[in-house]
Every structure is written in C-alpha cells, then in structure tokens.
Ligand code: ATP
C-alpha cells in the first residue's frame, strides 16, 4: 500500500466570524497529483497555507509523512510552495534563482550548479541559466519557479494557482507538462485551482472544497460521474438537476437527481425506450448551440423542468442543427446515469 504524504485531522481556521476552514479531514498519498478545487473564497488557499506552515490552525492536526508538524515553521517542513506570481529575484540570473535555496543551505558551489542545471533540464529550460527573469516569457518564468521548487527535492510541492497568470493555450500546454513532470520526479503535488477542467485533466485525485469543508474527495471520474452533493454536481460540469417533482413524474423515483449532458440522447418524439433500464422524457428544444465537435440542446420538459443534452456531431452541420430549435424531441438516458443527490 502507498504511504500517506499528508494527513489533515479536524482542521479549523478562522480569521473572523466565519471559519475559512471548518473541520477538514483529508489524506493525500505519496506521489499523488492532488487538487484542491473550489470557487473563490471556499478556503483552498488557507488549506494550502496550513499545510505549508504559513498559517497555524485553531484546532486540528497536520502530519507530513507520518510526523506531526502542526506547530512547526515552514522551513522545518519538507514542503515547498510555488506561488502564482512566481516570486523570482529580478537581479539574479535564472541559475542563481534556482540555486538560491541550496546556497542558503550551504551546499557547495559545484554541486549547487550541477543540481540547478539538472532542475532546469527537468523543466526543459536548458541553456537559459544565464538569463535574467525579465528576459523570459510568462511560461518560462513559471518553469523557473518550478525548477527552484524541485531543486531541493522536497517531499511535497504545493502549488497555488500556478497557471493562473497564463493565457488559455499556454495554460493547457503547461497542464500537460506539469503532469508529466510530476510523474517523472514522483514528488507529491498539491494544486489549488478554481478551474474544474484543470483539476480533471491533471489530478490523480481531487478534493472539492465548499465553504471551508471537503464536499467530496475522489478520482476525477468519481467526482464527475458520482457527485456526492448538488454543489459538486454543479461546480464540476453541468449539473442538470432534476428536482423531486420532475424526477417523480419522469422516473417515478423520489429525490433529486443529476444527469450529465453527454449521457442524454436526443431522439425524435416518437422514439421509445429500448431497454427497461431506460428513462425518457418529452419536451421542446428551447436552445440549440453548435459547438463544432458537439451540439448542445437545452430542452424544456413537458410538465416543467429543463435538461441540457450534449450530442457528438457525427454528420451534423450547423445549418441542420439550427433547424432543431422549437421542435419536439424525446430525451433518453440509462437510469444508472441519473445520480441521486442528498436533499
Ligand atoms: P481564492 O481562490 O479567491 O483565493 P480560496 O478558496 O483560496 O479563494 P481563501 O483564500 O482560503 O479561499 O479564503 C477563504 C476565506 O478566508 C475568505 O472568506 C477570505 O476572505 C478569508 N481569509 C483568507 N485569508 C485571510 C486573512 N489573512 N485575513 C482575513 N481573512 C482571510
């Protein structure tokens, strides 16, 4: 069994009246790429700062690799934090920036240089050692910050929205590279992000943070396919909630349900269920959006309620798609894709 890199037990932290972190229990495994995902103000950064030691909890316990570190200063913990603004020293070269932590720890010069060069190679910045940070692009600065974090080989790397300052294309490219880098070095990464796609793309596991608590922790597939709460269902993907009344009318089941749009097929009104496990509902297409690879249908259900369905565009053109607006359709899904949520 894999070891536990980080264990949080009964963690609380308040700055004023309402707790920023309100009773968090969490285990992050060795070598895992783990994301803390949640909206602005949900407490992700506070959680990260508690792990790093920049904040002290009001209550609870923090362990790193089985050792309690709750009261220890940041430098006494085997972790390194990468901030969104990179915090590079402008007057130092790239190499000096990367080697800085080793210099502070009095590592001999030759070894410092060798390790800085290796770290720069790991982030694919060979040959940039002599440059100053102001002569680098945003993506390159981000890599220098990573190299500086990796050079000391911490047990855990904490990353607070590290890609937030990059434009979309570069961010998507860095997501793939960061994940590959993590796999290569085998260090536990804990990433703070409000971007659900980023979390789904990069993580081995995700904790969804809702108002200072962990709403759900699991693999991207578990979080997406089996959301534990209505908040998780709506924050990660399109929730497509069926309230109690609608669910009862359609499927005869009590409770609130969430169905992901790509699980719903859009058919002609006369089509029926093909298997006993299918549920169907008729309605009118309120909106139809051609997305290139897929088409999004928003359907007003007969008797109330609204569902979004996403269909792959196999042979459809945008002109054909537009003709669906206002037409009558039948929606069909497999009952197992309707996830019951706690009310
Ligand atoms: P964001 O993505 O906007 O950074 P977040 O999920 O990281 O949000 P936190 O920064 O942890 O959330 O903030 C959680 C709550 O705690 C917020 O209400 C915030 O205003 C408050 N808070 C955080 N740090 C402090 C502080 N040093 N002093 C006072 N309040 C704080």
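The values are calculated or read from the model by the stated rules, or taken from the named source; none is laboratory data. Source: prediction; values computed, not measured. Virtual Cβ from ideal backbone geometry, glycine too; neighbours counted across all protein chains shown.
Applying the criterion of at least 2 residues that are touching a residue at least 40 places away in the same chain (Cβ under 8 Å) to the strands (runs of 3 or more DSSP E) found wholly in the range 261-343 leaves 265-268, 278-290, 306-312, 328-334, 339-341. Inspect all residues belonging to the range 150-166 and state whether any of them is modelled with pLDDT of 90 or more, part of a helix (DSSP H, G or I) and surrounded by 15 or more Cβ atoms within 10 Å (Cβ to Cβ). Looking through the range 150-166, at least one residue is modelled with pLDDT of 90 or more, part of a helix (DSSP H, G or I) and surrounded by 15 or more Cβ atoms within 10 Å (Cβ to Cβ). Within the set 219, 229, 282, 256, the sole residue that is surrounded by 17 or more Cβ atoms within 10 Å (Cβ to Cβ) and under 31 Å from the mean Cα position of the chain (by Cα) turns out to be 256.
For the range 57-91, the candidate set comprises residues that are in contact with a strand residue (DSSP E or B) (Cβ under 9 Å, 6 or more places away or on another chain) and within 19 Å of residue 140 (Cβ to Cβ); within that set, the residue that is modelled with the highest pLDDT is 82. A count restricted to the range 304-321 and to residues that are more than 33 Å from the chain's Cα centre (by Cα) and surrounded by 12 or more Cβ atoms within 10 Å (Cβ to Cβ) stands at 1. Cβ separations smaller than 6 Å between residues 6+ apart or across chains give the following pairs from the range 98-116 residues that are touching a residue at least 12 places away in the same chain (Cβ under 8 Å) to residues that are in a loop (DSSP other than H, G, I, E, B) and surrounded by fewer than 20 Cβ atoms within 10 Å (Cβ to Cβ): 101/152.
All of 113, 146 fail the test of being assigned by TED's automatic domain parsing to the domain that holds residue 76, closer than 19 Å to residue 182 by Cβ and modelled with pLDDT of 90 or more, apart from 146.
The set of residues from the range 139-149 being free of Cβ contacts under 8 Å to residues at least 40 places away in the same chain and either more than 19 Å from residue 201 (Cα to Cα) or crowded, with 20+ Cβ neighbours inside 10 Å (or both) comprises 140, 143.
When the test is whether a residue is closer than 30 Å to residue 22 by Cβ, surrounded by fewer than 17 Cβ atoms within 10 Å (Cβ to Cβ) and in contact with a helix residue (DSSP H, G or I) (Cβ under 8 Å, 6 or more places away or on another chain), residue 201 passes it.
Please verify whether the range 114-131 includes one or more residues that are over 14 Å from residue 151 (Cβ atoms), assigned to a helix (DSSP H, G or I) and out of contact with any helix residue (DSSP H, G or I) (no Cβ under 9 Å at 6 or more places or on another chain). No: zero hits. Selection of strands (runs of 3 or more DSSP E) fully inside the range 1-84 by the criterion of at least 3 residues being within 16 Å of the ligand (Cβ to nearest atom) and closer than 23 Å to residue 194 by Cβ returns 4-14, 19-29, 33-37. Residues of the range 11-45 that are free of Cβ contacts under 8 Å to residues at least 60 places away in the same chain and within 23 Å of residue 234 (Cα to Cα): 41 alone. Exactly one residue out of 63, 95, 122 is in the same structural domain as residue 8 (by TED's automatic domain parsing) and crowded, with 20+ Cβ neighbours inside 10 Å, and it is 95.
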